[in-house]
Amino acid sequence: MFPKGLVKMEITETKNGREVVARITGEIDHHSAGVAREWLDGMIENEQPPRFGMDLSGVTFCDSSGLGLVMGRMRKCGAVGSELFIVNPSAEAEKILQIAGMDKFLKIEKGVKV
Amino acid sequence: MRKQTEKNVFKAEFPAKSVNERFARSIVASFAAQADPAVSVIADVKTAVSEAVTNCIVHAYRDRKDRAKCTVYIYCSLDAKRRLTVKIRDKGVGIEDVQKAMQPLYTTDPDGERSGMGFAVMQNLCDRVKVSSRPGKGTVVTLIRAI
């Protein structure tokens, strides 16, 4: 659970083989993205997995702060030799990725059980 | 779908705190709901409003030490043709070059992980986006969307 009371977002970590998947639920905006960034970067730095997934199935709102969050984590993963992939994006998350054209170059996996 | 017959408006103002981004999009969504629009339309409006309000908080008052005392103003109207107009105003630094600022991927705050896609998202989700700005005086972003 996120420490800030108004941030309705939580990340849980599951290991599936050599992957780490972080589940993000709730609303991603500028206010919540900063906290999410710290959590995700901590996971990436500590685990340095070959593949790092952001499960966006529980995202109920996402503006361009979510794009910044994904782009930043892509850079972070690249710096430690991990491959970033997106898992089961909700309609809200997928729409913003499509508007930005990020669905063209991001690895997006749908229908994944995590 | 309920028929909108007469114009309705509301005004709001709140401190330029990031916690109010959610509040801002929620009150506009609640106001728009009186026209009984599709859920996807409400989602688009919320996202566009969130982008504009975030710009006020992240960029407009970036040089102000008393940022929490700075104010974001919203004026919202819904007319008889079910056209929602949302004006989001700040009294911040203004934008020197609006055309440049509206280009995709342009940002003055790359360290803050801003994607530079805020205006592109607004334009994608609204029928019309107008930006008027005076450096040193502030900016008004007008979002128009048929709902």
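The values are calculated or read from the model by the stated rules, or taken from the named source; none is laboratory data. The shown structure was predicted, so the numbers you read here are calculated from the model rather than taken from an experiment. Quick reminder, even Gly has a Cβ in these numbers, built from the backbone with ideal geometry, and neighbours come from all protein chains shown.
Answer yes if at least one residue in the stretch B:105-119 is among the hydrophobic types (A, V, I, L, M, F, W, C), within 15 Å of the chain's Cα centre (by Cα) and not in a loop (DSSP other than H, G, I, E, B), and no otherwise.
yes
Name the single residue, out of those in the stretch B:23-40 being buried (at least 19 other Cβ atoms within 10 Å of the Cβ) and more than 12 Å from the chain's Cα centre (by Cα), that is farthest from the other protein chains (Cβ to nearest Cβ).
The residue in question is B:35.
Would you mind finding the one in B:71, B:107, B:85 that is at pLDDT 90 or above, more than 15 Å from residue B:44 (Cβ to Cβ) and among the hydroxyl-bearing types (Ser, Thr, Tyr)?
B:71
Take the conditions among the hydrophobic types (A, V, I, L, M, F, W, C) and under 27 Å from residue A:93 (Cα atoms) and apply them to residue B:95. Does it pass?
On the way: among the hydrophobic types (A, V, I, L, M, F, W, C): yes; under 27 Å from residue A:93 (Cα atoms): no.
No; evaluated as a whole, the condition is false for this residue.
Residue A:96 - would you say it is more than 14 Å from chain B (Cβ to nearest Cβ), closer than 29 Å to residue B:108 by Cβ and touching a residue at least 12 places away in the same chain (Cβ under 8 Å)?
So residue A:96 does not fit the description; no.
Could you go through the stretch B:58-79 and let me know if any residue there is under 17 Å from residue B:19 (Cβ atoms), of a type in the set (Lys, Arg) and in a helix (DSSP H, G or I).
Yes: the stretch B:58-79 contains one or more residues that are under 17 Å from residue B:19 (Cβ atoms), of a type in the set (Lys, Arg) and in a helix (DSSP H, G or I).
Among A:70, A:59, which is the only one that is within 18 Å of residue A:90 (Cα to Cα), within 14 Å of chain B (Cβ to nearest Cβ) and touching an Asp or Glu at 6+ places or on another chain (Cβ under 9 Å)? If you could, list the steps in order and put the result at the bottom.
Working: A:70 fails: touching an Asp or Glu at 6+ places or on another chain (Cβ under 9 Å).
Testing whether each residue is within 18 Å of residue A:90 (Cα to Cα), within 14 Å of chain B (Cβ to nearest Cβ) and touching an Asp or Glu at 6+ places or on another chain (Cβ under 9 Å) leaves just A:59.
Are any of the residues in the stretch B:123-138 under 12 Å from the mean Cα position of the chain (by Cα), in a strand (DSSP E or B) and buried (at least 17 other Cβ atoms within 10 Å of the Cβ)?
Looking through the stretch B:123-138, at least one residue is under 12 Å from the mean Cα position of the chain (by Cα), in a strand (DSSP E or B) and buried (at least 17 other Cβ atoms within 10 Å of the Cβ).
Filter the stretch A:83-114 down to the residues that are in contact with a strand residue (DSSP E or B) (Cβ under 6 Å, 6 or more places away or on another chain), assigned to a loop (DSSP other than H, G, I, E, B) and either closer than 17 Å to residue B:123 by Cα or of a type in the set (Ser, Thr, Tyr) (or both) and list them by number.
A:90, the sole residue that qualifies.
Please go through the stretch B:78-110 and give me each residue that is within 20 Å of residue A:96 (Cβ to Cβ), in contact with a strand residue (DSSP E or B) (Cβ under 9 Å, 6 or more places away or on another chain) and among the β-branched types (Val, Ile, Thr), ordered by number.
Once the filter is applied, which keeps residues that are within 20 Å of residue A:96 (Cβ to Cβ), in contact with a strand residue (DSSP E or B) (Cβ under 9 Å, 6 or more places away or on another chain) and among the β-branched types (Val, Ile, Thr), the stretch B:78-110 yields B:86, B:88.
May I ask you to verify whether residue B:87 is away from chain A (no Cβ under 14 Å) and surrounded by fewer than 17 Cβ atoms within 10 Å (Cβ to Cβ)?
Judged against the criteria, residue B:87 is not a match.
Taking the stretch B:1-18 as the search range and keeping residues that are surrounded by fewer than 16 Cβ atoms within 10 Å (Cβ to Cβ) and part of a loop (DSSP other than H, G, I, E, B), which one is nearest to the other protein chains (Cβ to nearest Cβ)?
Among residues in the stretch B:1-18 that are surrounded by fewer than 16 Cβ atoms within 10 Å (Cβ to Cβ) and part of a loop (DSSP other than H, G, I, E, B), the one nearest to the other protein chains (Cβ to nearest Cβ) is B:17.
So is residue A:84 more than 17 Å from residue A:20 (Cβ to Cβ), crowded, with 18+ Cβ neighbours inside 10 Å, under 13 Å from the mean Cα position of the chain (by Cα) and not small (Gly, Ala, Ser) or not? Can you show your working first?
On the way: more than 17 Å from residue A:20 (Cβ to Cβ): no; crowded, with 18+ Cβ neighbours inside 10 Å: yes; under 13 Å from the mean Cα position of the chain (by Cα): yes; not small (Gly, Ala, Ser): yes.
The answer is no for residue A:84.
Can you pull out the residues in the stretch B:41-84 that are within 10 Å of chain A (Cβ to nearest Cβ) and more than 19 Å from residue B:140 (Cα to Cα)?
Within the stretch B:41-84, B:43, B:44 qualify.
Mind listing whichever residues of the stretch B:111-126 are at pLDDT below 95, in contact with a Ser or Thr (Cβ under 6 Å, 6 or more places away or on another chain) and within 7 Å of chain A (Cβ to nearest Cβ)?
Selection gives B:114, B:115, B:117, B:118.
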